[in-house]
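The block underneath contains the structure these notes are about, expressed in structure tokens.
The values are calculated or read from the model by the stated rules, or taken from the named source; none is laboratory data. Predicted, not measured: the structure shown is a model, and the values here were computed from it. Every residue, glycine as well, gets a Cβ built from its backbone with ideal geometry; the counts of neighbours run over all protein chains shown.
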Amino acid sequence: MEVRRTVPVALDVDSDDAALLEDTVDTFRWSAQYVVNHAFKGEYVTTSKTTLDDETYNDVREATDGFNGGLVQAARNKAAEACKSVVARWKQGKKASKPEFTSPHVVYDHRTATFHDDYVSLATTDGRIEADYVLPDGASDTPHSEYLFSDEYETTGAELHSHDGNWALHIHCKTDVESDTSEQATPENGTVLGVDLGVNNLAVTSTGRFWTGDEFDHWRREYEKRRGSLQQCGTRWAHENIQSVGRKEEGRFKLLLHRISNELVAEAREHDCSVIAFEDLTDIRERTGASWGHKWAFDRLYEYVEYKAEEHGTAVEQVAPENTSRRCSHCGFTHPDNREDEVFECLKCGYENHADYNAAKNIGVRFLRRNQTGGDGGAPLGVRLNSGTLNVNGGYSPASPGARTGVHAESHDFSRG
């Protein structure tokens, strides 16, 4: 069975290289859009990668002054997949329009990116640049160390993203594991998957899976700009178009949240989790500084996960959110200064990790404690952490040989706090 993981890695990029990356992003988006526009020219939408390559490759290379051939093909693949998605929706009787590429990103593979232990080499519009990874210190169970740098995982490619002048590489890794149905857990003796929701990362699981909020934030800003421009007109036509923009915005976000919910439920099933635990969403705006748009997204995501998980016999619950972002998932020490933005560093034991990842583990433990101390029958035995589980008393159990797991986690103490 093939297991895939995506690891977000911040990059240290100087101003000259940042300018090159910006130019590469713009050229990549233009290339993908050119292919989409070509695919929509005829009576039927062209979705074949081979056909689109034959009909657009040379034109794109010429128009972009010899843009890297591997990136041209990656842009073509991105365009072809977008076209296939539109055609699939049409076949289902759903509405879909021609894709528009506006999100700042570039797709890389092993031809266009070389991944080293502490830096990456990336193709650009003018040769290659090298960018150092910005990694957490002193953490042995991070997705970076246990997926990206594990001998068990193969790096297959990455997507480069830009947000407010900061650059990050979402690196794709995969491995093959044996699937043994005799080792699979049941709802009576399964595990709980903790999920933290937030603004920068829409969702993060206790197994180290991240879904960033970049795409959501980008389109939220775009639609806000469109509504602002229309509101300045003040005409009836503008008012009607504002309503239309709202419908398009909701439709786009629902598609995004459906995709994330599908992947989140798949993550729970892959790790044999009988429960998916979220923090209580009631006051999440006040706790996270989220907008009304984010609150709507959190509610919809929870709703989608709830009914999709139910189809597979997986329960979805909410737990009290107090101190899940301030509590150290390593030693249990709780203090408001443990967390600063996306960095968690325990003032007591020095444990350092991504703050949202730390919170996801605490959410899982919160549900485990509540469920087991409440005397409910069939309570999950532990919180799923990478390649093992934690019981309510802090005992760590590694996964059984052949079980479907992610990465290794060292023994943690959850007995305090």
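Tabulated data for the structure shown
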| quantity | calculated |
| --- | --- |
| Positions within the range 316-342 being of a type in the set (A, V, I, L, M, F, W, C) and either closer than 29 Å to GLU250 by Cα or surrounded by fewer than 14 Cβ atoms within 10 Å (Cβ to Cβ) (or both), in sequence order | VAL316, VAL319, ALA320 |
| Exclusive hit being exposed (fewer than 13 other Cβ atoms within 10 Å of the Cβ), without any contact (Cβ under 8 Å) to a residue 12 or more places away in the chain and within 28 Å of TRP167 (Cα to Cα), set GLY93, GLY42, GLY66 | GLY66 |
| Close pairs (6 angstrom Cβ cut-off, 6 or more residues apart or separate chains): in contact (Cβ under 8 Å) with a residue 40 or more places away in the chain and within 22 Å of VAL383 (Cα to Cα) in the range 334-362, of a type in the set (Phe, Trp, Tyr) and not in a loop (DSSP other than H, G, I, E, B) anywhere | ASN353/PHE344 |
| Answer from ILE276, ILE260 - the residue that is modelled with pLDDT of 85 or more and part of a strand (DSSP E or B) | ILE276 |
| Residue match in the range 325-334 (condition: more than 18 Å from VAL134 (Cα to Cα), among the basic types (Lys, Arg) and in a strand (DSSP E or B)) | yes |
| Positions within the range 96-113 being free of Cβ contacts under 8 Å to residues at least 12 places away in the same chain and either among the polar types (S, T, N, Q) or loosely packed, with under 14 Cβ neighbours inside 10 Å (or both), in sequence order | SER97 |
| Test result for HIS161, at pLDDT 85 or above and more than 27 Å from ALA32 (Cβ to Cβ) | no |
| Boolean, GLY313 is surrounded by fewer than 21 Cβ atoms within 10 Å (Cβ to Cβ) and modelled with pLDDT of 75 or more | yes |
| Residue check for LYS84: basic (Lys, Arg) and either crowded, with 20+ Cβ neighbours inside 10 Å or closer than 30 Å to ALA268 by Cβ (or both) | yes |
| Selected residue (only one of ASN58, ASN37 is over 18 Å from VAL107 (Cβ atoms), touching a residue at least 60 places away in the same chain (Cβ under 8 Å) and surrounded by fewer than 16 Cβ atoms within 10 Å (Cβ to Cβ)) | ASN37 |
| Any chance THR186 is modelled with pLDDT under 80 and in a loop (DSSP other than H, G, I, E, B) | yes |
| Selection count where residues are touching an Asp or Glu at 6+ places or on another chain (Cβ under 8 Å) and either within 17 Å of ASP214 (Cβ to Cβ) or surrounded by fewer than 19 Cβ atoms within 10 Å (Cβ to Cβ) (or both), scope the range 250-294 | 2 |
| Total residues in the range 5-26, condition in contact (Cβ under 8 Å) with a residue 24 or more places away in the chain and either in a loop (DSSP other than H, G, I, E, B) or in contact with a Cys (Cβ under 7 Å, 6 or more places away or on another chain) (or both) | 3 |
